[in-house]
Every structure is written in structure tokens, then in C-alpha cells.
Amino acid sequence: MNDPPIKINETHKQFHSLHPRYRWLDQLRGVIVFFLLIAFLTWQFSSTLGLGLPFGVPPLGPTWMNHGFKYSNSNPPIITVIDMGSSLFMFVLGISSAISFNSKSKKIGLWYAWVSGISRFFALLWVNQVTKIFYRILPDWKLTRFDVICILSWIFITTLTIILRITLFKKSNEKILLMLGWSVLSVIIWFPTVEENIWTIFFNETLAYLAWASLFAVFFLTLVKNPDRRILASFGLFAIHIGLWELAKTKLTHPTHWFFEVLPGTPLDVVGIPFNIINMTAIAISATCVSDWLLKSYPTQLDGIKKRILPYWVFILCFHFVVDFLQPARHDGITASLAALSIFFAIFFLIMFYAWDTYFDAKMPFLTPLGRNALLMFLLQGIYLFFYGFFWFNAYDFRRRFPGLLGNAIGLGLFFVPIALLICIAWVLDRFKIYLKF
Amino acid sequence: MIPMDKRREIPSLKNQDSQLGSNFGPNLEFSWIYQFQGMLLLFLMVVSLTWIFSAEVRAGEFPIGPTWLNFGFSYADFYPSMITLVDLGIQMFMFILGISLTISFKKYSQEKNHLYAWISVGTQFFVLLWLAELTQLDLDAFYWNDIVVLSIWLIFTISCAIFRNLKRFKSSKTGLLLGFIWSVGSVLLWFLKFDATIWILFFNHELALLAWGCLFAIVSLNLIKNPDRRIILPVILLCVHFLLWEVIGQWDTTLFSGTLLEFYIEIPYEIIGISIAAITATCVWEWIQLQTTSFKVGFKIRIIPLMVVTFIVHIMVDFFQPADQRVLNTSLTLLAIAFSSLVTMCFYVLEHYYKFNVRILNSLGKNALAIFLLQIVLTFPFRFIWESEGGNAFRIAVMNWLSLPDKTHIAVNLVCLTVFLLPIIFIILSARIMEKLHIHITI
């Protein structure tokens, strides 16, 4: 059977990228961003009932669109699709990383692909620092003199980079080195303004997991070319995680808290076992394998799906089912069970969006623009949550002021208006081909 | 828009799926529907066990099995309920049953006659009610009169089976009529054994809900031929359910109190909810056939929009009436329709585009009724011993038996895993053997 025509509805030149842009991938990314936007809101308006507080009230929004532990903070926690959010995002990032890495190393060179991968690593760490600083200054909106100096230095370096990027380095491949320099300097300059220790900033936050895992994905892509062998690395990491987690469980009261005191009084006072980075890397490696199976390893994409992706999809669900008995899925520590379940759902979405695109020739109108500006949408949602934070901390705060049917209607508006606004922004930016990406 | 007269040509089924065999009528088989049914049955097996081994997590107890493979209210019973895939299970089952029922009804109407098709639906209705009675059976309370009644049923069943296999009846309409008489007789005879109220047994049990859903689906199919118009019916029912729940809420009364005809009655919210899914399923099947040459068009211009709309409306309605599995309310029904459409599409795509299927699911789906009954038998010992105590008690028992310090010790977890896997493997093997022997026992 011939390969179906792939819908690349804009040429890659319009996206300033070396590889084609797949509509199904944008849609996949878009649906994850959509769930993310709702999850931020359901988090903001969570119930207090599950916490056992006497003033417990129902939350706003569907319960299954919030984290399981926000519903009832029990052990083992109940797992919702939102608990898999960061892992699903990791999977999509892994696919994008593999497409981008393969294309760059083929068209320009391995060095270029690697520098690009490292730039993305530092850029993700920098975004993590920015969100931390944002939440630090949020309560009183006060900046110290040191903060101001750091931010001004960063603005100077960023301006200089942009000028160099559009003048001297416009047509040169060395521009990627400029981006690397900028991302490294950004991390160094912003680091002193963050109050948490090195472990927390660089190893224990969602964006840090994404950064490390995408870096390791690139490493394994270079090291093991054959995806059929590379997938073993993913399962090796699962095995390491399971072993370490089991040991930690027997030694300490809470499995995720296996920490060591290193240099008290310094930014390296406490470090821990990077459980989440291990399994995020396993997810990212799986994603690179899925990407290669689909786009690289077989003469037709359908062959790759049939011979590798779908059998792997069934296998990973069985793997999840078995492992969950030993170590139940948890959101706060991405166990092998949660990682496997996330891979299962990520592949489910992938095959569905792929089929919609290439078989049904259908698409969700608003998902593509959301997916193309995923990073920007992620940053923008912080703005409305910032304003909501002034008024309400949880569902109890909200429902006390707006009880009954009126409260439900206003709650619906509070959910739909910002999401609709973000979709409009994404749509307009897409029309003008403006994208924020690493 | 495709004109209605060009839409409904049953031969299109043959064009599309001609390589497939038959359970939905002569010369037809829809492997992807079996796959869907098989998946639901596999989940049913797992859910029966997670339900038995639930635990009171708020009290520090530890259940057995993945938490997302149990009912949300079984995990923590708060208002509003947590919704898991399992909570959508009955509506999803109704959805796929609605699709397969529509296929068989149309096939029988075309190839036999309308009466034949109706008798087959009637038989299905009464068989489901009889199954509801069967699963409600209380083995602790057997009296002489029960044994007499059940002996009569056994003789009646054997007689029907013998007559059904006589050459004279085997390939005639009388065979189907015999099946119908047996199902009605079984429902009546078994009813004599029960102390439960008519309402609980015939209007509130999950299998009874499926029976009513099937019946209403076929009634709607015959009343409104055009699926684009028929879809208005579930929309109206959604509004009715929403308004009744908003204005009246839970309401019940007893009719003819103090007489022989005393009858407990309540607003049949669950039947409304399940009928919405069933009627929508009939529309979905006809939309799939929107174009005679390819099912793709129907998916693209009807089913994908249906999925998106029901999903978005679910989110909106959930603000007013949070999804609740126990009353199959509007929000839950909308989510179930959205998810069922997605899964239907998924299995269709796996079969027709990716040319991929999981053989185990085929075997399970082809013997839906046999597997359903088998899972009841297999889980019965666990239900009998552990249902009242739950998973935590089982863990403690294993922990003490193995002299371990912790109920979540890896050895305890491995025993729990074995307890789950053994019946699942047994069911899968049974399904494979039945398929090899060409035995098909379906609803």
C-alpha cells in the first residue's frame, strides 16, 4: 500500500525550520495545550473537600480534568488524564526533538543538531527560573536592587543577541551558537535571583525534567541509531527507576523523599535521587523511537505504525497494568506505571490525530494554532491565573461569594472566556506566522 | 450533503467489509466492533476485581489494582464524584450494543422481515432482563419452592433446546420464536424466586438498563428513519434529564400502597441516560454509512463533529450538574458519547487503515455473552469471600500468611497481581478455545 499523502499545509520555510511541519503533530500538541489550559483553571478552583477540611465545597469544572490528588489526597492517588499532562508533553517534545535532530544533523551536521539540543536544554531551564521568580515576587510585587540589575543585564544581552541574529549571523549556521550563548547566559544571570537551591531549580521542577529528558533523548539518538535497540534503553531506565523506588520505599517513609545532605548552608545543601528525570528520559527515548519508526525506519509510515508502534502501544498498556501492582502510578513521582500509561495515551492520541489527518482529512480547527504556539500559550495562561489569584485561592473562596446557580454560570464564564481568548490570540498569531519556539 | 435516498444501501456493508464473516446477520462481520466489545469485556473482568478489592483510601487502606480502573465513587465517595473510564463503561457498552443491534435489525428486516427483526430484539430484551435476575441471585436464601421453580425452568430450557435443534425448527422462523418464548418464560420463572422489588430488578439493574436502551434504540430507529432528525430525540432527552434533575431531583413514591399491586416507582433517570446513548448509537451507525463507497465521509462530517460538540457541551454542563455515574446524568452521558465515538473511530481506523487488530479482543467480542457469564463465575469466589472486606483485608491476610512487615510489600503485591492475572488469562484462553471450536455465544 502506498504511503498516504502527508498534509504539510505550509512549507517549512514559513516556519523558519529545516524540517517539514506535520499537521497531526501540531494537533497533538494543541490538544495537550488545551488540556493544560483547563487543568490550570481546575487547579485554581479545586475543591477543599478531599483535603478533609470542614468547609469543603465542590470544585469548579469536571473533576477528571484536575489532578487526582487535588480531589482526594490519598495513597495510592487516583490517576486522571491531567496527572499525565507533563509526561504527555514530554512525549510530544521527544517526537519533535527527534524530528528536529534527525533533520538538522542530516542537512547541516551533527554539531548543529547537538548545539540546538543544548540550547533547548538551557532555554527550558531558564523558563523554569523565570516562572520561579514570577511566583516569588507575586505576593507583594517587589523587586530588590539585585533583581533589577540582573534583569537589566539580561535585557541588554537579549537585545544584543537579537541584533546580532538579524544582522551579522542572519544567513550563517553559526547563529545557533549565538542562541546557545544567549540561553547559557540567561540561566547564569537569572540564577542568583532565584531563592531555591540548585536541586530544586535544575532537577526537581517540571520544566527541568523536560530539559534533562530532551537532552538525554538527543544523547541516545546519537548513541543508538536503531530505534529497535534504543527502546531497550527506555526499559533499562524503567528497571533502574523501579529498583531505586523499591529501595527508597523500604528505607524511608515517603518514596519520593530520598534526599542526601551535601553542603549545608550552600545552594547545594540537599540533593536527591532524580526519580522523575529518569522516567521522563525513558518517555523521551520512547518518543524518539516512535518518531523514527513512523518517519525513518520503514519504507512507508503505515508500515512503521503497524509493525512497531501499535504492538508497542499494546505492550506498554500491559506493562503499565503489571507494574501498577508493584508501584502504583503517582503524579508527584513519575513512577514507571504512570510513565507507561502516559506513553499509552500519547500513542493513542498520536494514531488518532495521524488518522484524522491522513485518512479522514479532518482536523480540529483551533488545535493547530494552539499547538504551534504551545510555549506562548503556556506563558500567557500564567497572566490570567495571576489575576484570578488576587480574588480566589480555591473553590471555597469563589463559592462563598457566588453561591448556587449564579456561581456555576460565573464559574463557566471564568473558564471559557480566557481559553477562548487564548485560542483567538493563537489563531491571530498563526495567521501572521508568528511563533515562539526554541 | 448526500441525499437520503443514496445513503442507505445495505450492500455498502458488503462492499466495505466483505472480507469479514458474520454475527450481525448472514455474510457480514465487523471485526472492529468485536474488537470494541472485546476491549469492554476485558475491562469488565478487571473492573469486577478492582471493585471487589476496593478500599477506604481515606482511612489509610490500600486497594488492589490500578485506581483508574475502578469506579470513581468506589475510590472516594465525595460530591461531585471523580469520573474514571470505568464510570463510562455501561454507556460505552450500550453504545456499541446500539451499533451492533442497528446492524442486525436492519439486516433481518431486509433479508427476513420486520416481524422477525422485532422478535429478535424482543428476545434480546428479555435475555438481558433474565441475566439481570441471574446476577442478582442470592445463593444464601434457597428454599424448596425455589428449587421447584428452578427445576421447572431447567426442564423448560432443555425442552426449548431440544425443539430448537430439531430439523423442523432449526432453520425456520419458529426457531427464533422458540427463543423468544424461552426468554419470556425464563424471566417469569426466575422472577418467582426474587424478593427484590420489580423496580430494582427491571428498571434499575445495569443489565435491565441495557435491555431498555436496546428497546428504545430500535423503537426510535423505526419511528424516525432519518438519523439527522433522529438525533434530536437524544437532545430532547438530555434536556429532559437535565431539567428534571435540576427542578425535581431524586423523587420516588409507592403506587397502590397496601394492595397486592403495590409498586415502588421513581423517575427513571438511568433509563433516560442509557437511552440517549443507545439512540445516538443508532444514528452513528447510519452516519458511518453516509456514503456507500466509503465510511470515511460519515466519520469526517458527522462523527468527529458529534464527538467535539458532546465533549464541549459536557464541560459546560458539568458546571451545573457534575457527572454522576449513579444516575447517568447529562454530563456523564455526554462524556460517554464523546468517548465512545472516539473509541469507535479508533477501532475502525485500526482495522481499516492500519490493518491491525488484537486477536484476543476478537475472540472475546465474538463470545460476549459467554465471557460475561464466565467472568461472573470466575469472580464469584472473590466476591463471596472478599467483597465486604475489600482489598485492604486481602492484603493484610496475605501479609500475615507470608509473615511480612508491610501490606504493600513486593511479595504481597505479587500475590495480588497473580490473583488478578489468573482469571484474566483463563478468560482469554477460554475465548480463544471457543473461537477455535467456532462457538459463538453472544447477546
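Assign one of three labels to region B:259-326, namely rounded, prolate or oblate, based on the Cα gyration tensor with a ≥ b ≥ c the square roots of its eigenvalues; rounded applies when a/c is under 1.5, prolate when it is not and a/b is larger than b/c, and oblate otherwise.
Note, shape of region B:259-326 comes out oblate.
Let me confirm one metric for peptide A:359-367, namely the mean number of other chain beta-carbon atoms within 10 Å of its residues' beta-carbons.
Partner Cβ neighbours, averaged per residue: 4.
What ranking, highest mean first, results for peptides A:204-213, B:369-378 when packing means the other Cβ atoms within 10 Å averaged over each residue?
A:204-213, B:369-378
Within 10 Å of each Cβ in A:200-207, how many Cβ atoms from other chains are there, averaged over the peptide?
For peptide A:200-207, the averaged partner shielding equals 0.
Would you please name the trypsin sites (Lys or Arg not before Pro) within region A:104-202 that are DSSP coil residues with at most 16 other C-beta atoms within 10 Å of their C-beta?
A:LYS142, A:LYS170, A:LYS171
May I ask you to derive the FRET efficiency for A:VAL314 and A:TYR135 from their Cβ-Cβ distance with R0 = 30 Å, giving the value to the nearest 0.05?
Given R0 = 30 Å and the Cβ-Cβ separation, E is 0.15.
How big is the dipole moment of the protein assembly as shown about its Cα centre under a simple scheme where the beta carbon of each Lys and Arg is +1, that of each Asp and Glu is -1, and everything else is neutral? Debye, nearest 20, please.
Here the protein assembly as shown has a charge dipole of around 3440 debye.
Placing unit charges on C-beta atoms (Lys and Arg positive, Asp and Glu negative, everything else neutral), compute the dipole magnitude of chain A about its Cα centre in debye, rounded to 20.
1160
Are there chymotrypsin sites (Phe, Trp or Tyr not before Pro) in region B:379-424 that DSSP puts in a loop and that have at most 16 other Cβ atoms within 10 Å, and which ones?
Those that pass, being in a loop and sparsely packed, number zero.
With the radius of gyration and the Kirkwood radius both derived from the Cα set of region A:290-350, what is their ratio Rg to Rh?
Over the Cα atoms of region A:290-350, Rg/Rh equals 1.08.
Looking at the square roots a ≥ b ≥ c of the eigenvalues of the Cα gyration tensor of region B:244-395, which shape do they give, rounded for a/c under 1.5, prolate if a/b is larger than b/c, or oblate?
Since a/c reaches 1.5 but b/c is at least a/b, the shape of region B:244-395 is classed as oblate.
B:VAL240 to B:LEU150: extension gain in nm, 0.36 nm per residue of separation minus the Cα-Cα distance?
Fully extending the segment from B:VAL240 to B:LEU150 adds 28.3 nm.
What ³J(HN,Hα) values, in whole Hz, does the Karplus curve 6.51 cos²θ - 1.76 cosθ + 1.60 give for region A:367-375 when θ = phi - 60°, with x put for Gly and Pro?
6, 4, x, 4, x, 6, 10, 4, 5
If I model a spin label as a point 7 Å beyond the Cα along the Cα-Cβ vector, how far apart are those points for B:PHE311 and A:THR266 in nm?
5.0
Using modelled backbone amide H atoms (1.01 Å from N, in-plane), which distant-in-sequence or interchain residues come within less than 5 Å of A:ILE334's amide H?
Amide H neighbours of A:ILE334, under 5 Å, 5+ apart: A:ASN276.
For region B:45-50, take each phi angle, set θ = phi - 60°, evaluate the Karplus expression 6.51 cos²θ - 1.76 cosθ + 1.60, and give the result in whole Hz per residue in order, putting x for glycine and proline.
Listing the rounded values in order: 4, 5, 5, 4, 6, 5 Hz.
Taking the simple approach of a point 7 Å from Cα along Cα-to-Cβ for both B:PHE163 and A:ASP228, what is their distance in nm?
So the label points at B:PHE163 and A:ASP228 sit 6.1 nm apart.
Using only the Cα atoms of region A:361-413, build the gyration tensor, take square roots of its eigenvalues as a ≥ b ≥ c, and label the shape rounded, prolate or oblate: rounded if a/c is under 1.5, else prolate if a/b is larger than b/c, else oblate.
oblate
Determine the gain in length on full extension of the stretch B:GLU111-B:PHE380; use 0.36 nm per residue of separation and subtract their C-alpha separation, reporting nm with one decimal.
Gain in length upon complete extension: 92.7 nm.
Quick one: Karplus J couplings for region A:22-35, per residue in order, coefficients 6.51, -1.76, 1.60, θ = phi - 60°, nearest Hz, x for Gly and Pro?
Each residue of region A:22-35 in turn: 8, 5, 5, 6, 4, 5, 4, 5, x, 5, 5, 5, 4, 4 Hz.
Around A:ALA362, which amide H atoms from residues at least 5 apart in sequence, or from another chain, sit under 5 Å from its own amide H, with H modelled in the peptide plane?
A:ASP357
Mind checking Rg over Rh on region A:55-180, alpha carbons, Kirkwood formula for Rh?
Value, to two decimals: 1.12.
What is the sum of charges, Lys and Arg at +1 and Asp and Glu at -1, for the other residues whose Cβ falls under 15 Å from the Cβ of A:TYR312?
Every neighbour counted, the sum reads +2.
Please name whichever of B:GLY249, B:GLY391, B:PHE125 sits farthest to the positive end of the charge dipole of chain B, dipole taken about the Cα centre and charges placed at Cβ: Lys and Arg +1, Asp and Glu -1.
Going by the Cα projections, it comes out as B:PHE125.
Counting only other chains, and only Cβ atoms inside 10 Å, what mean value do you get across the residues of A:57-69?
Taking all residues of A:57-69 together, the mean is 5.
Using a basic spin-label model with each label point 7 Å from the Cα along Cα→Cβ, how many nm lie between B:LYS436 and A:LYS307?
For B:LYS436 paired with A:LYS307, the spin-label model returns 3.0 nm.
Considering the options A:SER105, A:ILE79, A:VAL187, tell which one lies farthest towards the positive end of the dipole of chain A, charges being +1 on Lys and Arg and -1 on Asp and Glu at the Cβ, about the Cα centre.
A:SER105
Ranked by Cβ crowding within 10 angstrom, fewest neighbours first, how are B:ASP77, B:ASP318, B:ASP324 ordered?
Ranked by crowding around the Cβ, least crowded first: B:ASP77, B:ASP324, B:ASP318.
Which of the chymotrypsin sites (Phe, Trp or Tyr not before Pro) across region B:76-163 are loop residues per DSSP, with 13 or fewer other Cβ within 10 Å?
Taking region B:76-163 and a limit of 13 other Cβ atoms within 10 Å, the loop chymotrypsin sites (Phe, Trp or Tyr not before Pro) found are B:PHE142, B:TYR143.
Can you put B:MET316, B:MET92 in order, fewest other beta carbons within 10 Å first?
Fewest to most other Cβ atoms nearby, the residues stand as B:MET316, B:MET92.
Could you work out the helix-only [θ] at 222 nm for chain A, with each DSSP H run of four or more residues adding -39,500 (n - 2.57) and the total divided by the number of residues, to the nearest 500 deg cm²/dmol?
-22000 deg cm²/dmol
How high is the relative contact order of chain A, in percent, with contacts defined as C-alpha pairs under 8 Å that are six or more residues apart?
Averaging sequence separation for qualifying contacts and normalising by length gives 26 percent for chain A.
With a 10 Å Cβ neighbour count serving as the proxy for reagent exposure, in which order, fewest first, do B:PHE191, A:PHE275 appear?
B:PHE191, A:PHE275
Pull up all non-local amide H partners of A:THR80: gap of 5 or more, or a different chain, and H-to-H distance under 5 Å with H placed in the peptide plane.
A:GLY68
So what is the calculated 222 nm ellipticity per residue for chain B, using -39500 (n - 2.57) for each DSSP H run with n of 4 or more, over all residues, to the nearest 500 deg cm²/dmol?
-21500 deg cm²/dmol, from helical runs alone.
Take the residue pairs A:LYS107/A:LYS171; B:LYS106/B:LYS436; A:LYS307/B:LYS436; A:LYS307/B:LYS300; A:LYS363/B:LYS106 and return only those whose Cα atoms are more than 22 Å apart.
With Cα atoms farther than 22 Å apart: B:LYS106/B:LYS436; A:LYS307/B:LYS436; A:LYS307/B:LYS300; A:LYS363/B:LYS106.
Rule-based calculations on the coordinates, nothing more; no lab input. Note that the structure is predicted; figures quoted are calculated from it, not measured. Glycine also receives a Cβ, built like all others from the backbone with ideal geometry; neighbour counts cover every protein chain displayed.
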